[in-house]
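Engineer: Shown below is the structure under consideration.
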Amino acid sequence: MQDEKNQSKYMQLKNRILAFIALILVLSLGLFLITWIQSDSDSSKDSGKEAAELTELDSLAISQEGKDLDPETQLVLGNGFEIVKGNCTNCHSSALIIQNRFTREGWKAKIEWMQETQGLWPLGESEDVILDYLAEHYAPEAYVGRRAPLKDIEWYELD
Ligand code: HEC
């Protein structure tokens with residue numbers, strides 16, 4: 001009698017432990033499936049270079065805060081933007097433009113360098129439009145990453 005009671009208690013305990021183990025197995029399988037599916041969709045989104053370029057552009061966009069930017073290239077939307085986009089984002093990403101600051105002469109020299117060594121085509125009448133655009137939006141003084149120099153400082157004597 002006592003033995004039988006003990007045995008059924010033992011069976012109950014055993015069943016509970018088995019159920020517990022089964023629960024843990026199911027949960028970890030679920031967790032494994034979820035992480036597997038997530039990593040799979042991550043890697044399909046990440047077509048390598050494109051994703052890297054986008055994040056680079058996004059961080060560069062911060063240096064142009066406050067300006068209207070083209071969502072695709074992050075170039076400033078301004079006079080001549082379409083011509084610049086059409087001529088200057090074929091061989092390399094717009095990041096090369098955004099991360100540089102030159103004077104009009106500096107940009108002209110870069111363009112000449114690309115024409116002489118990198119196969120950039122003659123820009124014809126577009127060249128002036130492009131240079132105006134670059135000199136306006138990507139001039140050295142337009143570097144928004146740094147604040148403008150302070151003016152009219154009132155110095156005071158330290159006691
Ligand atoms: C025919 C292809 C081609 C076109 C079109 C082109 N570039 Fe380039 N450009 C290059 C190559 C190649 C490099 C070197 C890339 C590198 O170093 O990874 C370069 C580099 C640059 C650089 C970096 C220069 C440096 O000193 O680091 C800038 C800025 C630049 N291009 C701006 C422009 C602008 C502005 C235009 C439009 C007028 C333009 N590119 C159009 C081929 C091109």
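Engineer: With a Förster radius of 35 Å, plug the Cβ-Cβ distance of TRP36 and GLU65 into 1/(1 + (r/R0)^6) and report the FRET value to the nearest 0.05. All intermediate terms of the calculation are to be shown ahead of the outcome.
Structural biologist: Working: r = 39 Å, r/R0 = 1.11.
The calculated FRET efficiency here is 0.35.
Engineer: Between THR55 and ILE17, what is the spin-label point distance in nm, taking each point 7 Å from the Cα along the Cα→C-beta axis?
Structural biologist: 4.7 nm
Engineer: Just to be sure I understand the model, the point goes 7 Å from the Cα along the line to the Cβ. What's the resulting SER8 to ARG104 distance in nm?
Structural biologist: Going by the 7 Å Cα→Cβ label model, 10.0 nm.
Engineer: Could you order the peptides 121-132, 68-79 from most to least packed, using the average number of other C-beta atoms within 10 Å per residue? Don't skip to the end; give the middle numbers.
Structural biologist: Values: 121-132: 13.5, 68-79: 15.9.
The peptides rank, most packed first, as 68-79, 121-132.
Engineer: Go through 6-18, 95-107 and give me the packing order, highest mean Cβ count within 10 Å leading.
Structural biologist: Working: 6-18: 10.0, 95-107: 16.5.
In descending order of packing, they fall as 95-107, 6-18.
Engineer: Karplus couplings for segment 58-66 from phi (6.51 cos²θ - 1.76 cosθ + 1.60, θ = phi - 60°), rounded to Hz, Gly and Pro as x?
Structural biologist: Rounded to whole hertz, the list is 4, 6, 5, 4, 4, 6, 10, 4, x.
Engineer: So how do 110-120, 26-36 stack up, highest first, on mean other-Cβ count within 10 Å?
Structural biologist: Numbers: 110-120: 12.5, 26-36: 10.0.
Descending mean neighbour count gives 110-120, 26-36.
Every number in this text was worked out from the coordinates using simple rules, so none of it is lab data. A quick note: this is a predicted structure, and the numbers were derived from the prediction, not measured. Counting neighbours? That spans all protein chains shown, and the Cβs are built from the backbone with ideal geometry, glycine included.
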